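Comments concern the structure below.
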Amino acid sequence: VAFMDSWTSKQSDNWFKRFTSVFDSFPACISISDMTKIGAPLIFVSREFCKVTMYSRDELYGKNCRILQGPETEMDSIMHIRERLSKGLECNVKIMNYKKDGQRFQNLLSLKPVFDANGIYRYVIGILFEVVHDKTLKRRVNQLDTLLRLMPSKLQNSVTSKSRAMSRMDQILQAVGEEILEK
């Protein structure tokens, strides 16, 4: 069992490194929380996440996304997030968050649990989508939907999983990347 846990952990680490290398410069607010640690600390945030929230990575790593909450953050949304994630279920919610400078921003938050090949709840991928009402809103929501559908929910443990995972990331970049770059 210890060997399998070590192997699975190594596979998770490899997936994490590949994922973050692809999505670090991706023009979307993406985060990853470590669900194996108390408080589900952030272990990755994309450059765009830092740009939108005005927090640096050093300020975010090791903290929970609650750092973005403030006086007008909707308690119903918070409870919905807690309930869904405690059950390992995807979550989509509209929520008021706050930037580092205290400025409010409304966003669509989508959270997707990721389990390893042994069914261990390893990560939550978060995609934060700032709601800006303009003529591109519908297109951007469709891009978000496409991105969410392509995100993994289970890490594979086979030899071919690496090539499958990279192919999946290529799909994401092709399906969503060019359109998001146009924003």
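The values are calculated or read from the model by the stated rules, or taken from the named source; none is laboratory data. If you're wondering where the values come from, they're calculated on a predicted model, not measured in any experiment. Cβ coordinates were reconstructed from backbone atoms using ideal geometry, including for glycine residues, and neighbour counts include every protein chain displayed. Accessible surface areas use protein heavy atoms only, side chains included; no ligands, DNA or RNA. Shrake-Rupley method; radii C 1.70, N 1.55, O 1.52, S 1.80 Å.
Annotations
- Every listed requirement among (1) open to solvent by 30 Å² or more (accessible area, probe 1.4 Å); (2) of a type outside the set (Phe, Trp, Tyr); (3) at pLDDT 95 or above is met by Cys50 save one, (1).
- Test set (1) open to solvent by less than 70 Å² (accessible area, probe 1.4 Å); (2) within 21 Å of Thr146 (Cβ to Cβ); (3) in contact with a helix residue (DSSP H, G or I) (Cβ under 9 Å, 6 or more places away or on another chain) - Lys94 fails condition number: (1)
- Note on the stretch 104-141: residues that are of a type in the set (A, V, I, L, M, F, W, C) and part of a loop (DSSP other than H, G, I, E, B) total 4.
- Scope the stretch 83-98; condition part of a loop (DSSP other than H, G, I, E, B) and touching a strand residue (DSSP E or B) at 6+ places or on another chain (Cβ under 6 Å); matching residues: Gly88, Glu90
- Ser21 vs. criteria outside any helix (DSSP H, G or I), out of contact with any Asp or Glu (no Cβ under 7 Å at 6 or more places or on another chain), at pLDDT below 95 and under 26 Å from Gln143 (Cβ atoms): no
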